[in-house]
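Everything below concerns the one structure shown next.
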Amino acid sequence: MNIRPALDQLGLGAVKRARLHRILFEHGARNGTAMFLPYDQGLEHGPRDFFANPAASDPRYVMNLAREGGFNGVVLQIGLAEKFFWEYAGEIPLVLKLNGKTEIPSDAAALSPVNATVEDAVRLGADAVGYTLYVGTPAQEADFEQYRKVREDAARFGMPLIVWAYPRGSAIEAKGGKDSFYAVDYAARTASELGADVVKLNFPHPDKTTDVPAPYAETFTSQQAIDHVVRSANRSLVLISGGSKAGDDAMLEKARESMEAGTTGLIFGRNVWQREHDESLKFVSELRTILEKHPTQRWGG
Amino acid sequence: MNIRPALDQLGLGAVKRARLHRILFEHGARNGTAMFLPYDQGLEHGPRDFFANPAASDPRYVMNLAREGGFNGVVLQIGLAEKFFWEYAGEIPLVLKLNGKTEIPSDAAALSPVNATVEDAVRLGADAVGYTLYVGTPAQEADFEQYRKVREDAARFGMPLIVWAYPRGSAIEAKGGKDSFYAVDYAARTASELGADVVKLNFPHPDKTTDVPAPYAETFTSQQAIDHVVRSANRSLVLISGGSKAGDDAMLEKARESMEAGTTGLIFGRNVWQREHDESLKFVSELRTILEKHPTQRWGG
Amino acid sequence: MNIRPALDQLGLGAVKRARLHRILFEHGARNGTAMFLPYDQGLEHGPRDFFANPAASDPRYVMNLAREGGFNGVVLQIGLAEKFFWEYAGEIPLVLKLNGKTEIPSDAAALSPVNATVEDAVRLGADAVGYTLYVGTPAQEADFEQYRKVREDAARFGMPLIVWAYPRGSAIEAKGGKDSFYAVDYAARTASELGADVVKLNFPHPDKTTDVPAPYAETFTSQQAIDHVVRSANRSLVLISGGSKAGDDAMLEKARESMEAGTTGLIFGRNVWQREHDESLKFVSELRTILEKHPTQRWGG
Amino acid sequence: MNIRPALDQLGLGAVKRARLHRILFEHGARNGTAMFLPYDQGLEHGPRDFFANPAASDPRYVMNLAREGGFNGVVLQIGLAEKFFWEYAGEIPLVLKLNGKTEIPSDAAALSPVNATVEDAVRLGADAVGYTLYVGTPAQEADFEQYRKVREDAARFGMPLIVWAYPRGSAIEAKGGKDSFYAVDYAARTASELGADVVKLNFPHPDKTTDVPAPYAETFTSQQAIDHVVRSANRSLVLISGGSKAGDDAMLEKARESMEAGTTGLIFGRNVWQREHDESLKFVSELRTILEKHPTQRWGG
Amino acid sequence: MNIRPALDQLGLGAVKRARLHRILFEHGARNGTAMFLPYDQGLEHGPRDFFANPAASDPRYVMNLAREGGFNGVVLQIGLAEKFFWEYAGEIPLVLKLNGKTEIPSDAAALSPVNATVEDAVRLGADAVGYTLYVGTPAQEADFEQYRKVREDAARFGMPLIVWAYPRGSAIEAKGGKDSFYAVDYAARTASELGADVVKLNFPHPDKTTDVPAPYAETFTSQQAIDHVVRSANRSLVLISGGSKAGDDAMLEKARESMEAGTTGLIFGRNVWQREHDESLKFVSELRTILEKHPTQRWGG
């Protein structure tokens, strides 16, 4: 039950602010909320994700869906951005995902290598960049170092930085796992401390309490947990990710609780395009109804 | 059964497009297809590959073969390119292979170090560069990092980038091996997501299903598999590699299925030059007959 | 029982000196002593530290506390500095902490990666920067290397450098642990040898003598130990950190002994904000009374 | 029984060609052959190599020997080059060895670190640079990377690049060892593929066949082996190294077979200076007689 | 029984030569010999070294000693140089030690990280820089790489380079240990081959013969050993270090033998300042008497 911060509270420079304004107030519900369509699973999981709906293997199919569904942006890796975004430029904002990896080797010391630069994002007409930070990974030093360069470039070019703050690696597995309230809360704060403009988080699971620090071993409702996480993120805007495809009612409830908690919106991929075209649009329209109820309030308002 | 994309659909800059046009429409079958002659085995496998036809140890022999056989390009490492290409410049396009390694140390965490730069390619008059990406290697971070620099330089100099997308390393061996449909399909998508203009792939083996993800454990024909792989590569043009020397009928059948699936062509080395000179040309002429049946269609045509 | 060095004895350039003068003589007790409020625990420990006083999860709460309590500075990571310091600029000095890490992975070869630069500090209006050096860590080479770049940049921009000199890692655990007199004394000297303007230390525990070098296995009072440590730091000004929350009497006694020993002041975080607002201010006021008794003496005076 | 390539067949730029001409046609036998005196054993093996002839510990002794014996060049590391070459500049060409190491730590993952640059070579008046590439080492990535920088600098400054192509490391030990025909042949090709102007090789041992690839397990004479190796090197000029001191008759026979095979010459160190002064010159004169019989033939001649 | 080289034999540029002249002929015995006072033990060993004479914990005490004792230079790390040298500038030459480390973590793969640059040395008014090279360490690649940058910078700025050539690490421990004649001789040569202007060595122990290479397993007097070592260093000037505090007679004898052998001088720290003030000066005066008997002879004289 937090109030989402207004753009003029965030200490942003003019260009970052202009781009965030374009994404949040000139697309989608146009009320400061956002719904993004991520489409980097072909790299992160491989084409196996497309068997559920083979049409989604084609980037044009997904780009069209983003346009029809009124999304605030589509998230692409450099290759698809270069080859496909030119057909959609101006119609839907692009978030260029700057790092990514295959799921083939072990995740024990996860690190997501940088595949593109903020300069690439500028060149391609993107309005934001994305970076996956594996919070808690034993490769933390390398991760923070490459993240820092991205943050500096994003500041220099006025490009909003969306951090995929994902608890990951052997150490987090030993302390409640990657979806625990503890892990998601720590991830939210880490992104905020390190300068994320927007942070993408998984919905916290307060029931995962094995070997988590004491305060998190208490009983919390999911609403309490997501409220807490949004406070930990303070002035980093929060997006909740969908994760693997789940039941629609559960997803909608998760969306409602997130928006109640003061998040900015949702970033749902497989839950959207791993179903038939018209069903996708119907589900998106239900999500949008929720977002429309949670406009950003004026500062001091 | 896909339609090979036309050059004007690929989001290319003018210089990359001009070079690809030169390779695809001014050499070989001149119909948008391509047949490349790779000659980096002296580094990758050592001179042991030349015992089958000792004449092939001499780069001039192979360069002459490429010219006589009407190839769309020859692939060389920096050393041979510097010492031999000047005698053939203008007569046959050069693909400068930018990385490579010996096969002596272990491949468990395979990484192919960069031995030359895109600037070298420009200086030597090459029309494309090649990079081996070991998809799934535990050295993924280092591989993606050096690949990114190559991609950026290729963009800057307008040099088409051909990615040798090779599943390799201990993790892929544990999930069906490097030739499985799963591995080749993932490799195709990875190259596409990371911005390859052209991707070189091994022909997929849908019968290798041990420990692959569920969707790939189903039964597929080889035609279905190669069709799927080409879709995963979307707007990255696909070349199918020959691998070690095999029976001619099998190779021709593989070539036919590949062209049916919408690939751009073939990149056959040992299958070409590990035989006597005139036999090589005869085999090449049979391959060419296949390519001539699959011209690139006009966009919207 | 040492005399704290005056600013004109430290070999400082004009800009560093001006900034230290601003911190030490234009804020707080304005007598050359200092009390800093560190607020990077959200990254170093995660939001679990805020459960004791949930209001402290909000950076504005802590910034207000720093202002009300008359601190000489507040210590923030880049993210909070960017999003919150603009509301307080000019009212309280900012120390930008340049490195930091989560506590999730193992500390055996501890290294605190750099998350921001001295240029960021200049851009944000900071008056000092902070760097955590893990003295004795097996990752010493990497630590010293990144430290050196920070030191050089700090010299170039005239930015005072506060070194968090923390004994840490498997080797120090095998020689008396991170709080022993031996470890803290070595850490003080290391910071001084490497060019810290100010060094932040834990209070030494002369009773931790297991496996320490011979001279430290003798009996020392805590006053003797802190006196010795301050001499080891010679012309690096010393700040004593509070560590985790402890009893007030113990903390005040520690503060008194530190100031007697010639330290410059205190850097207490959790001991301050892990309690109710007015209690915090009361505790701070007691600390301040101690500092007021220990003004810097004129050189030669 | 190969024909040594002429300088105008090598695709060289003007400056590299001028320097090679100076070395090959203005010193020594002045007929396109070469005899180099390497003097980096003080680093590679330590001063233990000088006990056989203590006078050779003094660089001036060895430099004088090179001058008196009419060598085509002397090979030095940066330190000796700086301190001693100024007394001999113009009288004998200098090959600056750019990398080197002590033999103290393990060779299992051998890598020879770069100790000097091509710029140093230009500054000191050298006419070529040398680089040790440990073919087959598990540290292949790092080796190829630092080699590439040397190759690029050598190209930029027109400095001929002599590659010491040495099979080395645990993997090559498991496949016949560092002197096998297989290993030397692969090393020759690797240097050629990677752009060596000149490659320094050990004489191949076709009798070392344990665990080598099949084609090398056949029976070959030493003349057949060295012929094959020279073909693998194609347009990289070949120098045969002497290795540790051996019987004179064996060395002279090795020299004869090498020159028959089309190598450019010899690089003998310990076999020269690990004996009394006049004996050294006598042995050198016998080597020279062999070289004089193998002038470079005109291209097309 | 070697003749120490004169400055004009060393191939030095004008600025290095001017600085060496200042150190060797305008301070101390002013006869080409040198006595340095090293004071980096606070970093290398920690403050435990100061318990023998607590006054020596204060850099001013040691700087005063250097001035009173007529040393040719004092050796400091960057931190003490910045904070204390300004009070002594012009009165005694400064050698800025550029690398160093704590003794806390394991020395098995010793590497001394760079803490300051040659530019720092210029800025602080130093007349030489020092670098510790751990000869034989398994971290040889990293050591040589950072050393090379220091050597290049020293050449560029005309700053004489003193190399602490210390055999160290697990491999040297397995071959006679760090003080053996073998190890010290190899270290001397390594520094010379890599371009040290001056090399600091431990006095060799010819009786440590376990597992050393054959030539060093013979019987040598200490005078023979040090003579040999100085020849191995050829035109790198040699300084002999004192090491941990030992009996005065032994130290003076060691000094005498070293000067007989043609070294340039001594670098004694703990043997000097780990005793009462006047005793220090008395010992120093005895060392000086030895140095006065060994002036540098004119070249050709």
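The values are calculated or read from the model by the stated rules, or taken from the named source; none is laboratory data. A quick note: this is a predicted structure, and the numbers were derived from the prediction, not measured. As a convention, Cβ positions derive from the backbone with ideal geometry for all residues, glycine included, and neighbour counts pool all protein chains shown. Just the protein is used for accessible areas: all its heavy atoms, side chains included, with ligands, DNA and RNA removed. Shrake-Rupley method; radii C 1.70, N 1.55, O 1.52, S 1.80 Å.
Observations on the structure shown:
- Centre separation in Å (Cα based) which lies between segment B:12-29 and segment E:191-214: 62
- Cut-off 12 Å, label 7 Å out along Cα→Cβ of residue D:107, residues of segment D:33-69 by amide N: D:44-45
- Estimated FRET transfer efficiency (residue E:86, residue C:55; beta-carbon r; R0 41 Å; 0.05): 0.30
- Only protein heavy atoms count here; on that basis, with a 1.4 Å probe, residue E:293 has an accessible area of about 140 Å².
- Once C-alpha pairs closer than 8 Å and six or more residues apart are averaged by separation and normalised to the residue number of chain B, the relative contact order reads 21 percent.
- List of segment E:73-91 residues, accessible area with partners at least 10 Å² below that of the chain alone (1.4 Å probe): E:77, E:78, E:79, E:80, E:82, E:83, E:84, E:86, E:87
- Exposure check, 1.4 Å probe, all protein chains in place: residue C:83 carries approximately 10 Å² of accessible surface.
- Sum of -39500 (n - 2.57) over DSSP H runs of 4+, divided by residues of chain E (222 nm, nearest 500): -11500 deg cm²/dmol
- For segment A:111-267: relative contact order, % (alpha-carbon pairs under 8 angstrom, 6 or more apart): 18
- Contour excess over end-to-end distance, with Cα ends at residue B:292 and residue B:145 and 0.36 nm allotted per residue: 49.1 nm
- Links that overshoot a 27 Å alpha carbon limit, given the list A:178/C:245; D:16/D:149; B:101/D:97; C:101/D:149; C:101/E:101; B:16/D:16: A:178/C:245; C:101/D:149; B:16/D:16
- Modelled FRET efficiency - R0 22 Å, residue E:285 with residue E:6, Cβ distances, 0.05 increments: 0.25
- For segment E:125-168, accessible area lost to neighbouring protein chains reaches 40 Å² or more, against the chain alone with a 1.4 Å probe, at E:140, E:141, E:144, E:148, E:151.
- The residues of the protein assembly as shown expose on average 32 square angstrom of accessible surface per residue, using a 1.4 Å probe on protein heavy atoms.
- Taking the protein heavy atoms of chain C in the context of the full set of protein chains, the accessible area attributed to carbon and sulfur is 49 percent at 1.4 Å.
- Evaluated at q = 0.13 Å⁻¹, a Debye calculation over the C-alpha positions of chain D (equal weights, vacuum) places log10 I(q)/I(0) at -0.87.
- Over all other residues within a Cβ to Cβ distance under 9 Å of residue C:84, the charged ones net out to +1, with Lys and Arg as +1 and Asp and Glu as -1.
- With θ taken as phi - 60° and the Karplus curve 6.51 cos²θ - 1.76 cosθ + 1.60 applied, the whole-hertz 3J(HN,Hα) list for segment D:14-28 is 5, 6, 4, 5, 4, 5, 5, 4, 4, 5, 8, 10, 10, 9, x Hz, x standing for glycine and proline.
- Classification of segment B:134-180 by its C-alpha gyration tensor yields an oblate form. The axis ratio a/c (a ≥ b ≥ c) is 1.5 or more, and b/c is at least a/b.
- Proximal aspartates and glutamates to residue B:293, defined as alpha-carbon separation beneath 13 angstrom and excluding residues fewer than eight positions away on the same chain: B:257, B:260
- Ratio of the Cα radius of gyration of the protein assembly as shown to 2.2 N^0.38 Å, where N counts its residues: 0.99
- The loop-placed GluC sites (Glu not before Pro) in segment C:198-259, going by DSSP, that have at most 12 neighbouring Cβ atoms within 10 Å of their Cβ come out as C:218.
- Whole-angstrom gap from segment A:119-172 to segment C:65-114, using each part's C-alpha centre: 20
- With every protein chain in place and a 1.4 angstrom probe, the accessible-area ranking of A:296, B:221, A:263, A:210, largest first, reads A:210, B:221, A:296, A:263.
- Couplings 3J(HN,Hα) of segment E:75-91, computed from phi: 10, 10, 7, 3, x, 5, 4, 5, 8, 10, 5, 4, 7, 10, 4, x, 8 Hz, in residue order, whole Hz [Karplus 6.51 cos²θ - 1.76 cosθ + 1.60, θ = phi - 60°; x for Gly and Pro].
- Using a 1.4 angstrom probe on protein heavy atoms only, the contact between A and B buries about 3100 square angstrom of accessible area, both sides summed.
- Average Cα contact separation per residue, segment E:243-301, under 8 Å, 6 or more apart, as relative contact order %: 41
- Inter-copy separations for residue A:149, label at 7 Å along Cα-Cβ, nm, ascending: 0.9, 0.9, 1.5, 1.5
- Pairwise label distance in nanometres, residue E:22 with residue C:207, each label 7 Å out on the Cα-Cβ vector: 5.4
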